[in-house]
Amino acid sequence: MKKQLLDVRKLNIIVFTLGFTYLLSFVFEGQVFYRHAENAGYDGSQLIFAVMIAHIVGLLLSGFIVRGVKAAKRIIILSNLICIATSLPFFFKPGIMWDISLMIASLSCGFAVSAWGYFLNIGASGNDRMKTCADVLIFSNLLMILADLISANFSSFAALSLLIATLGLAVFFAKYLPVEDRNEPTEPQNDVPISTKWPLYLLCLFIVILTINSGLMYHVINPAFAHLTSITSWYWSVPYIIALIIIRNLRVKMKGSAFLYIGIGMMMVAFIFFMLLDRSVVSYVTVDTLMLGACGIFDLFWWSILAEILAFGRNPAKVFGLGLAANVLGIFVGGIIGTVVTSVHLPEEQTAVIALVVVCVTLVILPPLNRQLVLLLKSHAYLAVYDHMPKERQTAVMNRIQTLDPLTIREQEVLQLILSGKPNREIADVLHISESTVKTHVRNIFSKYDVQSRAELISILLKNQSGD
Amino acid sequence: MQAIRKKRNVYALLFALCALLIPCFVVEQMRETVFILSVAGAAALILLIHQSRMVYNARLICGNSILTVHSAVLSDLEGTEEKTMDETIVSTFGALVGDKVYKWGCDGLNGSRLKNIEMDRERISLTFGSEAQTLKLELLHGLDKAEKVFQVKQNLLRETGVEAVINGW
């Protein structure tokens, strides 16, 4: 058995951060790539949409090919090696090899990112999963800023070399990823299938709508400030990172849908400011802070929901791949809208108004969609499993779950009803207590099981059940 | 409960008053008055939110009442005592002593929790608190039958998970 280099969570963060940095800085509309292409006299923008499609294909295909943790580890190592190989032609003159390499790298990155879904599940549970996602996004964006600064102020070759080095390190650390899966989702022992289908599809729709704004931003807002090269090379992701750090460190009960609405408000104000302000540095800082801050909120919001669904899926690579493919699709659609709007050569004010209308439409759809998603996650598929068990088995399973503190008799009654899929109001009716009393009991139960949601509670339950 | 609700209503009234007056003074362009009223309105809003939470907690305590008595002695571990003749409600989620709310078992493992219950022929004492502070609430329970005492003990165990130590019965 291999010696453990770091704890699993840290290892996960390092491996994914390093790979993700390459994706953000180079393959996926990365500033390093654009600068490198510009220096070599190559029009990099022509391949944007093809690269996105290749990435989506990689994300989706990975779920069908990767089966199990061992395969996921192999795919991550192999994909990173392929990315190193496909980066080498960029040290030579541009040509068809650049196009082919970029497509293959994008496809490989898709495979690697999806496969990581298996590892996000290991070594982290509940709020830790959200923190892992936040850490990956924070560190990869910091490294991306470093690479951008090197390419802007020093040399794009040096930045590319740095990115190849990150890939090499990703391969090195990936070798230490554990293959014995302590937390792998297991097939349920009863006849009721655990379906994550509807919550996942709804989440994907949610992600697509949410990220249309990011795509639009790339094509409408970014070009308007392209002349501010020095500040855009480093400030671009700073508000995004700050937003992630703030949300990551908030207390669990403060991380709710309220943040989504704050993000929506910030996004709308950013587009309004974009219309009203001039194209100075101050305006850029204002618009970018609001816009990227909102993006940070949005991204962590859907990443954490995706990570939660991941705990129940039989194939994390498929679930993760589908969620991230929805993200790329949203950027793709936003990009197409942005390209169409800018290609008709309307005055900038009119372009901004059209963009604002699109943003408003997407943002109006989000709250009801979020409400549906929350309802589905609370009471849909996962709870059905428990409901179909015999009563004695339910009690046995419940007693097997270890709590941080013993449940009171009243809490046990409430838990029984939670697990049978009843909403708070119905629990209150059954037990003849008020709904706020039920809510308080539920909060206490979650605290004693160290979980944040009903879905997570069921996840623990199912793992116990499979051990029966 | 009534006192808490009354306070909440006063803050709500103050806030509403400020909110109504501010636009009038804005029209009149009386900036200083608008500023003072804005500060007062903001303060009233903060107090209103705080008091609304108190009302919520008080309602939670009243809705899950286990024992109601008419006098209480509150002390901390250093022996500082505070006596009151207000109505006191002991419940699953805390105690309501007059217009004061003492919570336990509301915020999971991290919040204040009920630690110990002792009952003798006259008094019931409840020790509760968080890691930072522990308080003791002593009440004259007024129960004269062993049957009633054991019923209270059962209810406390069922609702709070803490088994009362009974002496002298």
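The values are calculated or read from the model by the stated rules, or taken from the named source; none is laboratory data. Note that the coordinates shown come from a computational prediction; the quantities given were computed from them, not determined experimentally. As a convention, Cβ positions derive from the backbone with ideal geometry for all residues, glycine included, and neighbour counts pool all protein chains shown. Please note that ligands, DNA and RNA were not included when accessible areas were found on the heavy atoms of the full protein model with its side chains. Shrake-Rupley method; radii C 1.70, N 1.55, O 1.52, S 1.80 Å.
A few notes on this one:
- Number of the exception - A:L250 against (1) open to solvent by 10 Å² or more (accessible area, probe 1.4 Å); (2) part of a helix (DSSP H, G or I); (3) closer than 25 Å to A:S304 by Cα: (2)
- Of all the numbered requirements in (1) modelled with pLDDT of 85 or more; (2) assigned by TED's automatic domain parsing to the domain that holds A:V287; (3) more than 20 Å from A:G330 (Cα to Cα), A:T196 misses one, and that requirement is (1).
- Residue match in segment B:61-68 (condition: closer than 26 Å to A:Q412 by Cβ, of a type in the set (G, A, S) and surrounded by 19 or more Cβ atoms within 10 Å (Cβ to Cβ)): no
- Once segment A:413-452 is narrowed to residues that are within 14 Å of chain B (Cβ to nearest Cβ) and not in a helix (DSSP H, G or I), the residue that is surrounded by the fewest Cβ atoms within 10 Å (Cβ to Cβ) is A:H432.
- For segment A:50-71, the criterion of being part of a helix (DSSP H, G or I), more than 22 Å from the chain's Cα centre (by Cα) and farther than 29 Å from A:I241 by Cα is satisfied by at least one residue.
- The residues of segment B:17-62 that are among the aromatic types (F, W, Y) and within 14 Å of another protein chain (Cβ to nearest Cβ) amount to a single one, B:Y56.
- Residues that are open to solvent by 30 Å² or more (accessible area, probe 1.4 Å) and more than 14 Å from chain A (Cβ to nearest Cβ) within segment B:116-130 comprise B:N116, B:E118, B:D120, B:R121, B:E122, B:R123, listed in sequence order.
- Test set (1) of a type outside the set (K, R); (2) away from chain A (no Cβ under 14 Å); (3) in a helix (DSSP H, G or I) - B:L74 fails condition number: (3)
- Total residues in segment A:128-163, condition hydroxyl-bearing (S, T, Y) and open to solvent by 30 Å² or more (accessible area, probe 1.4 Å): 2
- Residues satisfying the stated conditions in segment B:153-169, i.e. within 14 Å of chain A (Cβ to nearest Cβ), surrounded by fewer than 16 Cβ atoms within 10 Å (Cβ to Cβ) and in contact (Cβ under 8 Å) with a residue 12 or more places away in the chain: B:E163
- Hits in segment B:139-152 - residues which are open to solvent by 90 Å² or more (accessible area, probe 1.4 Å) and at positive phi: none
- Top-ranked residue of segment A:298-318 - restricted to ones that are open to solvent by 10 Å² or more (accessible area, probe 1.4 Å) and assigned to a helix (DSSP H, G or I), ranked as farthest from A:I138 (Cα to Cα): A:K318
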